[in-house]
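The values are calculated or read from the model by the stated rules, or taken from the named source; none is laboratory data. What you see is a predicted model; the values in this text were computed from it and never measured. So basically every Cβ, Gly included, is an ideal-geometry build from the backbone, and we count neighbours across all protein chains shown. SASA here: full protein model, heavy atoms, side chains in, ligands and nucleic acids out. Shrake-Rupley method; radii C 1.70, N 1.55, O 1.52, S 1.80 Å.
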Amino acid sequence: FFFFFSVISFSGETRYNKDKILQGQGVDEPLSDTGFRQADAAGVFLSNMKFTHVFSSDLLRAKQTAATIIGKNKFCKDLEIKYDARLRERKYGIAEGRPLTDLKAMAKAAGEQCPSFTPSGGETLNEVRERARDFFEFLCQLAVEAGQNKQETHSAASNSLGRSEVQSVFPWTDHCGEPELNSDYSGASKQLDANILVVSHGAYMRNWFVYFVSDLKCTLPKTLTKSQLSSVSPNTGVSHFVIELDKEKILRPEINCICLNQDSHLVDVSAECATSKMF
């Protein structure tokens, strides 16, 4: 079974992003005008993708981002967006609603590095990763069930994808380059069982990507650096993955990262939008 997995790694900007205030889960701010422009740009970028499922964090900034993106889509404007608490941003406890500098000061006082520091009432990185693992396993099961349903209705032929079709599905850009697919995949037609869009948050998705690489041995683009892997996505940064599943080994998927946190669609949005790196 195969499915495409597109991720909006970071919802559009809010005024708290701009002011470098931690939001986490406890501060549920709407998108700013800039945030809506970013979501519009991401929607245009993804407008030719025929999504079968859309999932979003249930926090307002992610919900507005997801709705804006789907509203721009040429094929699935009426597709239901499903909201899931497992996609929420990392919880920062007593640091939520406070400047990022306060979190850094707390971490320094505790003798820890900021990204791995857990303020009182917050989530540890392991807890965040467990949420990501649980949701991804749910997606894998969803894709397998979708594939089985297609086989039963004999519709697989209309969803088979060869290399040329894979290249046409994604809005490839210069920074992504050519898809780095393994020979088994690129040499034969494969059935696309699901095309899933997920909209979440920066710190959460950074932990998800670490889970992909460290636990599931995700294949990365050759040009991707370690610093790019560990950095927080820009607002509405887009990542693409191809997932191959064996129904007998559903918890051991083969994951191919096509591009990570790309932001070419933000070129025409202000430079401030394109470089925003807040959680």
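A few notes on this one:
- Annotation note: trypsin sites (Lys or Arg not before Pro) in segment 64-101 located in DSSP loop regions with a Cβ neighbour count of at most 15 within 10 Å are K74, K77.
- Solvent-accessible surface of protein heavy atoms, probed at 1.4 angstrom with all chains present, puts V27, V44 in the order V44, V27, largest first.
- Measuring against 21 Å, Cα to Cα, the residue pairs K20/K82; K18/K104; K50/K82; K20/K91; K18/K91 contain K20/K82 as the ones spanning a longer distance.
- Lysines whose Cα lies under 21 Å from that of K249, excluding same-chain neighbours fewer than 8 positions away: K150, K190, K217
- For L220, the solvent-accessible surface with a 1.4 Å probe is about 50 Å², rounded to the nearest 10.
- For R98, solvent-accessible area (1.4 Å; no DNA, RNA or ligand), Å²: 90
- Segment 1-88: projected area of the alpha-carbon convex hull, averaged over directions, in nm²: 5.9
- By a 1.4 Å probe calculation restricted to protein chains, E127 has an accessible surface near 90 Å², given to the nearest 10.
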